[in-house]
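First the structure, in the form of structure tokens, and then the observations on it.
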Amino acid sequence: MGDRQKVESVEQMLKSMEIPEQVPKSILTAINQLYEMEQKLNKLHDPGTLQRNVNKMKDAFEEFGLAYEDPMGQAFKETRTDLDARISGSGTENLVVVEVIKPIIRYISTDGHGRFSVVVQKGIVVVEARKES
């Protein structure tokens, strides 16, 4: 397959995805709150009682093609388009996410060509230079 055919194939796949132009703010708020609840449960070391309910809620959102990603600990480069970052400290090299204010929310679609995602909310994070060990 030539480069032109590959580009046309990708364009057709993207056109066939039914991407909502804008996810309602109330849905994004609910997903953000679900993320915060999950983070608090993790701090409490909940063995699964409430985590099971959180997982059911996540599954319900995924049925509508919406899922969140926690970028905590991931490397950050200025070329990332799925994160808005604030740099903490003086270093600007070898940055890593140290705090997540809002997760990345994606609309996910699956078709005959595979699984694709589109960012509907950029993650808002704090990054700092990775500490040398």
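Read-outs throughout are calculated quantities, based only on the coordinates presented, and are distinct from any laboratory measurement. Just so it is clear, the structure is predicted and the values come from calculations on it, not from any experiment. Note that we place each Cβ from the backbone using ideal geometry, even for glycine, and neighbour counts take in every protein chain shown.
Remark on the range 41-133: hydrodynamic radius 15.1 angstrom, per the Kirkwood mean of 1/r across alpha carbon pairs. Remark: the range 56-68, residue by residue, has Karplus-estimated 3J(HN,Hα) of 5, 5, 4, 4, 5, 5, 5, 4, 8, x, 10, 8, 10 Hz, where x stands for each Gly or Pro and the curve is 6.51 cos²θ - 1.76 cosθ + 1.60 at θ = phi - 60°. A crude spin-label estimate for the pair His113 and Glu99, with each label 7 Å from Cα along the Cβ direction, gives 4.1 nm.
Our coupling estimate for the range 100-112, obtained by passing each phi through the Karplus curve with A = 6.51, B = -1.76, C = 1.60 and θ = phi - 60°, is 10, 8, 9, x, 7, 10, 10, 9, 10, 10, 10, 9, x Hz, Gly and Pro reported as x. Computed extension gain for Leu44 through Lys77, at 0.36 nm per residue and net of the alpha carbon distance, reaches 8.7 nm.
Extension gain for the segment Glu69 to Asn55, taken as residue separation times 0.36 nm less the Cα-Cα distance, is 3.7 nm to one decimal.
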